[in-house]
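Written below as structure tokens is the structure these notes are about.
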There are 2 protein chains.
Amino acid sequence: MEFSYISHLECPKCHETYSENEINQLCKCGSPLLVRYRLHDVKANVQKEDIASRENSLWRYHEVLPVKDQANIVSLGEGMTPLVPLEKLGKKIDVPQLYLKDEGVIPTGTFKTRGASVGVSKAKEIGVKQLAMPTNGNAGSAWALYSAKADIKATIVMPKDAPKITRKEVAVAGAELYLVDGLISDAGKIVGGLIEKEGIYDASTLKEPYRIEGKKTMGYEIVEQLNWEVPDVILYPTGGGVGLIGIYKALLELKELGWISADKLPRLVAVQAEGCAPIVKAWQEGKRESEFWENSETAAFGINVPKAIGDFLVLEAIYETNGCGVAVSDEDLLQVQKEVAMTEGNFICPEGAATVAAAQMLRQQNWIKESDKVICLNTGQGIKYPDSVSLENIPLLQPNQPING
Amino acid sequence: MEFSYISHLECPKCHETYSENEINQLCKCGSPLLVRYRLHDVKANVQKEDIASRENSLWRYHEVLPVKDQANIVSLGEGMTPLVPLEKLGKKIDVPQLYLKDEGVIPTGTFKTRGASVGVSKAKEIGVKQLAMPTNGNAGSAWALYSAKADIKATIVMPKDAPKITRKEVAVAGAELYLVDGLISDAGKIVGGLIEKEGIYDASTLKEPYRIEGKKTMGYEIVEQLNWEVPDVILYPTGGGVGLIGIYKALLELKELGWISADKLPRLVAVQAEGCAPIVKAWQEGKRESEFWENSETAAFGINVPKAIGDFLVLEAIYETNGCGVAVSDEDLLQVQKEVAMTEGNFICPEGAATVAAAQMLRQQNWIKESDKVICLNTGQGIKYPDSVSLENIPLLQPNQPING
């Protein structure tokens, strides 16, 4: 029994292969690399029923994760986030089987932690001492904190409009932080320049192959939490799209492992904001790649990504599962954010709220059926986005002043 | 097999009993009430080994929780928070077996969620339609969100200096929010006036008997996560002290259940801030109750409680376990907060940091031995306290401007 059944890295475009024991970034052809496993051997040695009694973190799926030596795992107890039924809201929007996969309940408070835990662990395993990345905030804070634990030096570049709290997280972790008067694409260029000059590890989205392995565990967990049944629809707030690519990869692996039945995959939905919807536009036009979205703007800052390097993989996942792309207005998603809190008690982030708003739209269009089991992915806590809630007319009392007195 | 083995409510001071099926607040004698269970029947019907395969939330201990009908549970997937070894820091402060029980990894981001989930569930079960409470912030946000899910109207009163983010949480939940230009004791008086006038449920700390039942699950979890072994020391940041009372109650129940061996309990440590240390002072003076702490002030806002209604129960827990009380300076706890993040990757709250600072002090005094297994309780996420981290000299780059360029 091996801890990991990782086999090699493979380019999904040109099928060139690379070693998992050395530092690799993009393929020579420019495409991101994917991790491959000896799934046949996993199937022979592991039963899905074995998983239930394992530790309560994403590392319970260690055979299909890239870290070979358990000693290299950098963990703060991440994963196995709640899958909670939204009964009241589901009834209201006529989706009786509506669920929230709540990625706010995780160290650092967002799903970015999954990529950081697996990515940093593998970086440690292959000997990385220093890394750099551009970020819309949350990935930067997660990678900064996990890097601190792993004794890896981290350099983080984020737009000055990224959520303020993420600056604090990067700073408290002792990482090197830069702000940029621009978008994540501008931060990416700055990191690119640094990497070229200094030769340090590029931890940008999909420029290292392991973050996606962390993200894919969301797919494993959803299926395990539904007793190894797949749902009908999974809605995912799509910026870089790594989570959606990861969930699709997980579903294909689960099929090959025989842990889910082979005849049906959930329809995967890429949810974007109307102010930044390059993937949705490409899907509407039947294209395989997206175009740079000019002057992008949305309150759901985490999905303000004008052009994702893995766009072709996101679109493939949508096409192959008969999914779709949906754009939601900021007004709608902020309204739904309040509605979820007032109805279900979950203070979710604007990105997560976009998926619930999209579920409602797709139900109205009858693309989602009443009988469908529907998973909305909330990628983080509302408390990381305090500006998404406004406060008005909160009464200030003096000591001993009665309410309504 | 019953879902809950709750038997009745009992006054720990005068031993008067009350029904668990009706609304009860304090005992006639003024003391908080405690929940009693038919533990003998639990022992006969449940093996501790049965727990392992149950759902991953605090409701896995439902036999020793007060909710009789499972349908009344109001849950967002709370509990079973990580117990993570702090290896590097433990080595540094010469406590090799140092652990963090990380209550940041929970819906709403603090341990207050446990009390809210169990308290609101039981309130729903006994027919409460409206409740009110004073809060230092985090309990208010948790109770507001869980009340929203339970369709209970909540009125929350908090000091104007309470963490700003908690205002947003209360507001987004749709609860009624008041600020007071004073301390939580002032907020308590205002709520007291409202309760008297309006006759609604008083959800103040220990004025309803069920919050403590939620908090005690931290004790059950710590023991289960250590494979049903007790640690040597548990350090707890003490404001109202409900968690410490709850953990002590859990340990006594676990002993009676035979799920831990009867010969040893962990030494319980009440950690306070130097600017507000009434329990520590009472312990130093060998007293059974504390005195109101005048002009209290600390950066660890959640433990700024000048006089706790359950102080005598906290002190009993300390005395009975050969524990102690320790006060930490704001300077020390803020320094340790950074050190934990930079060394271990956990961005913990100031209150949680106080316990790590206290562990270091107690080790220096040799009150903690090198061989002790020591649990520090981090009651919440650092991100709820952005002001605890200062940002200085973060460089702002223009697009295309290289780092160090």
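The values are calculated or read from the model by the stated rules, or taken from the named source; none is laboratory data. Predicted model, so just to flag it, every value in this text is computed and none were measured. Here Cβ is always computed from backbone atoms with ideal geometry, including for glycine, and neighbour counts include all displayed protein chains.
Only one of these conditions is not met by B:A162: (1) at negative phi; (2) at the interface with another protein chain (Cβ under 9 Å from one of its Cβ atoms). Which number is it?
It fails just one condition, (2).
Could you list, in sequence order, all residues of the range B:215-235 that are polar (S, T, N, Q) and either in a loop (DSSP other than H, G, I, E, B) or surrounded by 24 or more Cβ atoms within 10 Å (Cβ to Cβ) (or both)? Give the derivation first.
Keep residues of the range B:215-235 that are polar (S, T, N, Q), which gives B:217, B:225, B:227.
Within the range B:215-235, B:T217, B:N227 meet the criteria.
Inspect all residues belonging to the range B:142-152 and state whether any of them is basic (K, R), farther than 26 Å from B:F292 by Cα and in contact (Cβ under 8 Å) with a residue 40 or more places away in the chain.
Yes: one or more hits.
Kindly provide the set of residues from the range B:65-82 that are more than 14 Å from every other protein chain (Cβ to nearest Cβ) and either in contact with a Ser or Thr (Cβ under 8 Å, 6 or more places away or on another chain) or modelled with pLDDT under 95 (or both), ordered by number.
B:L65, B:P66, B:V67, B:K68
Based on what the data block shows, is A:G275 in contact with an Asp or Glu (Cβ under 7 Å, 6 or more places away or on another chain) and buried (at least 24 other Cβ atoms within 10 Å of the Cβ)?
Against the criterion (in contact with an Asp or Glu (Cβ under 7 Å, 6 or more places away or on another chain) and buried (at least 24 other Cβ atoms within 10 Å of the Cβ)), A:G275 does not qualify.
Among residues belonging to the range A:383-400 that are more than 7 Å from every other protein chain (Cβ to nearest Cβ) and of a type outside the set (S, T, Y), point out the one that is nearest to B:G380 (Cα to Cα).
At the first step, the residues of the range A:383-400 found to be more than 7 Å from every other protein chain (Cβ to nearest Cβ) are A:385, A:387-388, A:390, A:392-393.
Next, only the ones that are of a type outside the set (S, T, Y) stay: A:387, A:392-393.
Values: A:D387: 21, A:E392: 27, A:N393: 28 Å.
Residue satisfying both the conditions and the ranking: A:D387.
Quick one: how many residues across the range A:45-61 are in contact with a Lys or Arg (Cβ under 9 Å, 6 or more places away or on another chain), crowded, with 18+ Cβ neighbours inside 10 Å and either within 10 Å of chain B (Cβ to nearest Cβ) or hydrophobic (A, V, I, L, M, F, W, C) (or both)?
1
Only one of A:G240, A:G219 is modelled with pLDDT under 95, closer than 19 Å to A:G310 by Cβ and not charged (D, E, K, R); which?
A:G240
Can you name the residue in the range A:132-156 that is assigned to a strand (DSSP E or B) and in contact with a Gly (Cβ under 8 Å, 6 or more places away or on another chain) and is also surrounded by the fewest Cβ atoms within 10 Å (Cβ to Cβ) among such residues?
If we take residues in the range A:132-156 being assigned to a strand (DSSP E or B) and in contact with a Gly (Cβ under 8 Å, 6 or more places away or on another chain), then A:P134 is surrounded by the fewest Cβ atoms within 10 Å (Cβ to Cβ).
Among residues belonging to the range B:192-214 that are assigned to a helix (DSSP H, G or I) and modelled with pLDDT under 95, point out the one that is surrounded by the fewest Cβ atoms within 10 Å (Cβ to Cβ).
It comes out as B:E196.
Report, by residue number, each residue of the range B:176-226 that is within 30 Å of A:V336 (Cα to Cα) and either of a type in the set (S, T, N, Q) or touching a Phe, Trp or Tyr at 6+ places or on another chain (Cβ under 8 Å) (or both).
B:A203
If we keep just the residues of the range A:328-362 that are of a type in the set (D, E) and touching a strand residue (DSSP E or B) at 6+ places or on another chain (Cβ under 9 Å), which is nearest to A:A273 (Cα to Cα)?
A:D330
Considering only the range B:342-360, I want to know if a residue exists there that is surrounded by fewer than 24 Cβ atoms within 10 Å (Cβ to Cβ), over 22 Å from B:K101 (Cβ atoms) and either under 21 Å from the mean Cα position of the chain (by Cα) or at pLDDT 95 or above (or both).
No, the conditions are met nowhere in the range B:342-360.
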